[in-house]
1. Taking every pair of distinct Cα atoms and averaging 1/r, then inverting, what Kirkwood hydrodynamic radius in Å comes out for region B:78-216?
2. Counting only other residues whose beta carbon sits under 11 Å from that of A:Asn68, what net charge do I get with K and R as +1, D and E as -1?
3. Counting only protein chains, not ligands or nucleic acids, how are B:Phe128, B:Phe106 ordered by accessible area (probe 1.4 Å), most first?
4. Please give the contour-minus-distance gain from B:Ser55 to B:Ser70: 0.36 nm per residue of separation, less the Cα-Cα distance, rounded to one decimal in nm.
5. Would you give the gap between the C-alpha center of region A:124-181 and the C-alpha center of region A:35-59, rounded to a whole Å?
6. Would you look at the GNM of chain B, springs on alpha carbons closer than 10 Å, and say which of B:Glu129, B:Glu109, B:Glu187 moves the most?
7. Rounded to the nearest 5, what % of DSSP beta bridges with both residues in the protein assembly as shown are antiparallel?
8. Only bridges whose two residues both fall in chain B count here: according to DSSP, what percent of them are antiparallel, nearest 5?
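The values are calculated or read from the model by the stated rules, or taken from the named source; none is laboratory data. Keep in mind that this is a model prediction, so the values were computed, not measured. Positions of Cβ are backbone-derived with ideal geometry, glycine not excepted, and every protein chain shown enters the neighbour counts. Surface accessibility is based on the protein's heavy atoms, side chains included, excluding ligands, DNA and RNA. Shrake-Rupley method; radii C 1.70, N 1.55, O 1.52, S 1.80 Å.
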Number of protein chains: 2
Amino acid sequence: MPDSIHAIPEVVILRLPLYVRVLTQLKDEGTEVISSRELGDRLSVTPAQIRKDLSYFGRFGKQGRGYNVSYLVGELRQVLGLDRQWNTAVIGIGRLGRAIINYPGFAPEGFKVVAAFDADPAQVGRQFEDVAIQSIGEMQQTIRERNIAIAIVAVPAPQAQRVISELVSCGVKAILNYAPIAPQVPEDVRVRNIDPVLALQTMTYHLKVRQDEAGS
Amino acid sequence: MPDSIHAIPEVVILRLPLYVRVLTQLKDEGTEVISSRELGDRLSVTPAQIRKDLSYFGRFGKQGRGYNVSYLVGELRQVLGLDRQWNTAVIGIGRLGRAIINYPGFAPEGFKVVAAFDADPAQVGRQFEDVAIQSIGEMQQTIRERNIAIAIVAVPAPQAQRVISELVSCGVKAILNYAPIAPQVPEDVRVRNIDPVLALQTMTYHLKVRQDEAGS
DNA sequence: TTTCGATTGCGCCAATTGTCACAATTCTAC
DNA sequence: GTAGAATTGTGACAATTGGCGCAATCGAAA
Ligand SMILES: NC(=O)c1ccc[n+]([C@@H]2O[C@H](COP(=O)([O-])OP(=O)(O)OC[C@H]3O[C@@H](n4cnc5c(N)ncnc54)[C@H](O)[C@@H]3O)[C@@H](O)[C@H]2O)c1
Ligand SMILES: NC(=O)c1ccc[n+]([C@@H]2O[C@H](COP(=O)([O-])OP(=O)(O)OC[C@H]3O[C@@H](n4cnc5c(N)ncnc54)[C@H](O)[C@@H]3O)[C@@H](O)[C@H]2O)c1
């Protein structure tokens, strides 16, 4: 294991999917080779950062030339584990949960919703896009049987921590959370929050300075 | 300007809304005082980090006691500019755009959708939740007149960069982007991307290691 | 009033993250 | 085949960010 000696910074992992996205787009546009400078321009990142990030995982480029787009995107997909299908479950099949099940953006990227759970007995049994809604009681068994590694949480905020804790006890190690809370999980479990309000609130600080100046 | 000498790290600004969220919840639960340790436990952040973050903006706590929750949340809201209403516009009134206009989570936090734009003439004039859809041609004027500082982009990916550039030329300085692209904007414009696929792709790296180990 | 446990704010240091700069290499053109 | 332009990968350094530890202070209790 030659490259597992150096731990790879988490920030690097966070940037890789961005690289994959832009490289995929370049590939579709027919670009065969790209330099770290051009890629950096597209991503508003310095060329040095791109080169260093990539160097954690191998030597993918050629001096004087750049990176072969197809090759690089393939290598990065493999590094990230995007070269396989990931089964997911959605929990909370309300308005948002249904939208998630119907969202056509997941499947092409290898994320497949194979199970759906809701606490409301009236929902159980209904079908959306080949997925039948199951009761919460069936969750643990289904997660095991269907090899579900990723859960998507779309329950109301007051229920979210409880649901997340239950998912953790079912062995789920990755959670995409849409509820507006700060979930607590053991450190071997990853959570990403989708939270547009939080995102807006991180921008107003800068707008405020501008607005205050204008007013004074 | 006593505290504008030291620039405030962007990471700190990114954490403040989280603090606000948890503090608001504590306030609703009736907690009057909280220590940095307890707050840190709730957020999976070290107490030292919380104290340091807060110290950029003032001395809000009392030794031996902690922070008064109501007071602190009020101060932080003021720091972030959450003590006022922010007018926003949604661009792209398809399935997602309509869901955003109907989303009840924005208004209580002071973000009000006051305008909606779509390129499709068939959409123009239709009404959602007191917001009438306008044509793209009216965008610049409406943004000025209605003092819109924040735009929410929900157009298809191929159109997104063009729409974002146009918003920038209308003077918008903050953009919440839902399209799966890496937008390019001048450095005085802030963009936050809502991108569940990217979020999932940052987690599979760690799952992969686990899965590979299990298989070997 | 005094003592004591608790907790902040912050100086200082440690760890992490980002950038520079350059030798090594590749490709092209002649 | 050689010269020159382009660009990588990386070691060394710089900047940023996080955390320790403690003096100062607060509130409670005796
Ligand atoms: N991040 C975003 O972009 C975004 C957008 C919209 C909504 N939301 C959030 O998503 C959540 C759901 O929103 P919605 O509009 O779909 O609400 P909803 O009320 O329509 O649906 C919630 C569903 O969760 C189910 N549920 C409740 N408790 C449950 C439990 N313990 N286990 C399983 N299922 C349970 C309910 O039966 C219901 O079907 C809320 O927390 C909301 O704030 C986030
Ligand atoms: N981040 C997320 O959670 C998430 C979820 C769903 C969809 N999306 C993304 O949001 C976008 C919209 O998705 P949707 O399902 O609403 O698509 P849609 O096709 O239903 O709606 C798109 C709308 O944008 C309008 N439009 C197209 N070009 C425009 C332009 N130049 N100016 C103004 N309006 C224009 C169209 O007329 C249409 O009404 C897509 O990029 C999609 O990938 C993101």
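1. Working: mean 1/r = 0.0612 Å⁻¹.
When all Cα pairs of region B:78-216 are included, the Kirkwood radius is 16.3 Å.
2. On the way: positive: A:Lys27, A:Lys62, A:Arg65; negative: A:Glu32, A:Glu75.
Net charge in that neighbourhood comes out at +1.
3. Numbers: B:Phe128 35, B:Phe106 5 Å².
From most exposed to least exposed: B:Phe128, B:Phe106.
4. Working: separation 15, 0.36 × 15 = 5.40 nm, distance 1.73 nm.
Length gained between B:Ser55 and B:Ser70: 3.7 nm.
5. 37 Å
6. Result for chain B, Cα springs under 10 Å: B:Glu187 fluctuates most.
7. Numbers: 12 of 54 bridges.
Beta bridges within the protein assembly as shown, antiparallel portion: roughly 20 percent.
8. Working: 6 of 27 bridges.
Restricted to chain B, the bridges split so that about 20 percent are antiparallel.
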